[in-house]
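These notes are about the structure you will find just below.
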Amino acid sequence: MTEKLPSRMVKVMPNRNLPSTLPKLPRAAIAFVAAALLVVNASVLSHAALQDASSNDSSMLSTYVVTIILVLMLVGLVVYKRVRSSREMREFAASKALDRAHRVQVTYREPAPIAPADPGLLDERRSHAFEGAQTWDKPQPVDSEPEAFGAYRIDQEVGKLVLGKPHRMDVFASRAGDDRRAIEASLVKVMDSSDFAEDSRQRARQALEEYGFVARQSALLLMGRDAWERCSAARVLGQIGSQSSLAFLIEALHDPDSVVRNQAVHSLGELKMPAAIGALLDISRRHPDIPASILSETLSACSVESLSFLDTPSSEPAALGGGRPNGDLPAPGSFGSFEELPVGNENAALAETLTRLEDPDESVRAQVVRELASHPVQSSVAALAALAHNDPDSAIRSAAVTGLGSIGHESVFAPVLIALADESREVRAAAARTLSSLHFDRADAYVRVMETADADTLRTVARACITTGIVAQAESRLASEDRHQAYEAFSLFSLLARANETQPIVDVIEQHKDIEVRRCAVRVLNVAAQPDLAPKLRQMVAGEGLPENVRAALLEVLYKLDQDQPVFDLAASDNSSVSLHNSL
């Protein structure tokens, strides 16, 4: 049985408007006009013949010529009209044919049932159809204009981000130029504002790094065509304060434009990283035109004002508490054991080197410093410490401090701390670099200074720690949850108490906003105060504004001082543990 496929019937709409009917009216009008002209011409000729019978042959000839011309013109007009009419009919017929082609009416018959096709053939047809679609489909146009969110929306999302709230990631990922500039400006504004806490500024700094703003400014700093663009990039990198921009700012120190170099120096001071000190000293020799005030301020910020390297532990935490991470912190005086350096008196070459310490030639003394740094013995440490503190040339003092760092023993800790307060920025910078490179435990080193240093050295070390800001940085760490930092701060404040430099401790007890820190400062006096402090403590107790628990702790310290009891024995045999806070 033959299967019938559905057929289609095409009916063409008939054309009822024949083109032959259109020009009928114009042709009749033309014929009427022509006949009227002939009649008029004939009447004129007849009238002329009757009136002018006596006319000569020449006048008659002219009349017939005019008549012939008029007839010819009439015939030409009729021919022209017929030709034009036929051409219009052909064009009209062509337009009608085209119109019929567009006005085809399609009628579908009821489709006959179709037997199921072979699945294999069906899959093959689908694959061919899919390939054809892939071949001939045109790609959709892509919107080249990125979406812009606007400054108001960006300020809202930046506010959420710096406060640690959920925020829209697509806003920060916007590629619109205006949005990118608005995001960067808002985040930098948070960095510069004092209304935001440190954690908010840290979130802003992290966002500037994650979303590529630091990388963009770093690239602009090195590849900007205009000096103003490079200077602006250096300024923004300093405002952001990201450590990842250190290498780019150091490279900008060699910029051919002096304004860019000066801005790079200032921005390095904003980073406050000791790693920039070497490059700063080098550039000061290469370019003496750098203002001394800017260079000095930057070196001070990188050396003694920030001291960010003190935030990291100087030794493994496992060494605390006898190798037990969760053990009790040792009391000052139970520091870890270390090996003493050899005296070095038996070395003849070293003895000959020591004889040139006071040579008037600076190059000779510089050579002595290099030779002493290669001998890790007690005599070398003592000689380098004397040079670091007393040599009239700042370059020699700086080299001596660096030599102490190359020895790296705990005995160099005190002279390096004293060098941090040197009047020369070069010496302070060398001391900061040396202190950041020492790997022994600083808490134990403070206790060692209390044990071994004489009164003058102890007082000099204490004053240096106060002057350079180490004490101010350690105040809040007295009550830190980090046991290593708490123990280091406690040891430092104990050194101040033993050196009788107690004014910073008194200021913490009277003014610090954290009551727990104030109680820990009283605890320091409870174990390391000198009897000379009693009048000052009585004045504090009699005053107003002290919390009652702090006042009670001070009364206990006064009672011990009045009884003239031994406050604390820092002998190495005393291994009793003390709690640094929450123990008053």
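Here is a check on your reading of the model: is Ala383 at pLDDT 90 or above, in contact with a Pro (Cβ under 6 Å, 6 or more places away or on another chain) and in a helix (DSSP H, G or I)? It is false that Ala383 is at pLDDT 90 or above, in contact with a Pro (Cβ under 6 Å, 6 or more places away or on another chain) and in a helix (DSSP H, G or I). When each of Glu501, Glu423 is tested for being open to solvent by 20 Å² or more (accessible area, probe 1.4 Å), farther than 30 Å from Ser293 by Cα and among the acidic types (Asp, Glu), the lone residue that passes is Glu501. Looking only at region 402-429, residues that are free of Cβ contacts under 8 Å to residues at least 40 places away in the same chain and under 18 Å from Asp282 (Cα atoms) come to 3 in all. Asp444 passes every criterion in (1) in a helix (DSSP H, G or I); (2) touching a residue at least 60 places away in the same chain (Cβ under 8 Å); (3) open to solvent by 40 Å² or more (accessible area, probe 1.4 Å) apart from (3). Within region 271-282, being free of Cβ contacts under 8 Å to residues at least 60 places away in the same chain and buried (at least 21 other Cβ atoms within 10 Å of the Cβ) holds for Leu271, Ala276. Only residues that are part of a helix (DSSP H, G or I) and either in contact with a Phe, Trp or Tyr (Cβ under 8 Å, 6 or more places away or on another chain) or within 21 Å of Asn549 (Cβ to Cβ) (or both) were counted in region 494-503, giving 3.
Just one residue in the set Ser476, Ser436 is closer than 30 Å to Ala276 by Cβ, without any contact (Cβ under 8 Å) to a residue 60 or more places away in the chain and under 31 Å from the mean Cα position of the chain (by Cα); that residue is Ser476. Scanning region 542-551 for residues that are more than 47 Å from the chain's Cα centre (by Cα) and modelled with pLDDT under 85, we see that the one that is nearest to Ala497 (Cα to Cα) is Gly543. Within region 472-487, the set of residues being surrounded by fewer than 24 Cβ atoms within 10 Å (Cβ to Cβ) and either β-branched (Val, Ile, Thr) or more than 27 Å from Pro535 (Cα to Cα) (or both) comprises Gln473, Arg477, Ser480, Glu481, Asp482, Arg483, His484, Gln485, Ala486.
The values are calculated or read from the model by the stated rules, or taken from the named source; none is laboratory data. Predicted model only: the values in this text are computed from it and were never measured. For neighbour counting, all protein chains shown are included, and Cβ atoms are generated from backbone atoms with ideal geometry for every residue, glycine included. We work out accessible area using only protein heavy atoms, side chains counted, and drop any ligands, DNA or RNA first. Shrake-Rupley method; radii C 1.70, N 1.55, O 1.52, S 1.80 Å.
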